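Below: the structure, in structure tokens.
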Amino acid sequence: MDLLSEWELVDKDDRFKEHAACKDADPALFFPETAANRVYKEAIAICKTCTVYKDCMRYAINNKIPFGVWGGLSPKQRERDGEQILASILGQA
């Protein structure tokens with residue numbers, strides 16, 4: 001099941017996914033099922049090697065996706081600092 005299939009996306013440009021370092025990784029690393037498993041270190045380490053992490057981050061922040069690791073950021077980081085991160089790293093808000 002596609003987690004975003006019923007999500008209303010503002011930013012629909014997801015072409016970055018074809019080149020993402022995580023495309024063959026275990027989704028459970030990025031989307032843990034329980035709060036007790038929300039240690040994202042392994043997922044973030046994969047993001048740090050990714051050439052399209054900024055596009056991934058932009059996509060998650062613009063769409064206000066409240067779950068999973070996207071572009072190396074946890075949901076809390078995106079919620080707290082998302083707009084600021086877009087402005088400084090990506091040059092947009």
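Coordinate-derived values only; no laboratory data. What you are looking at is a predicted structure, and each value in this text was computed from that prediction instead of being measured.
Compute the Cα gyration tensor for the range 22-89, then decide on rounded, prolate or oblate, letting a ≥ b ≥ c be the square roots of its eigenvalues: rounded whenever a/c is under 1.5, prolate when a/b is larger than b/c in the other cases, and oblate in all that remain. Oblate, because a/c is 1.5 or more while a/b does not exceed b/c. Straight Cα distances below 21 angstrom link K76 to the lysines K41, K48, K54, K64, with same-chain residues fewer than 8 positions distant left out.
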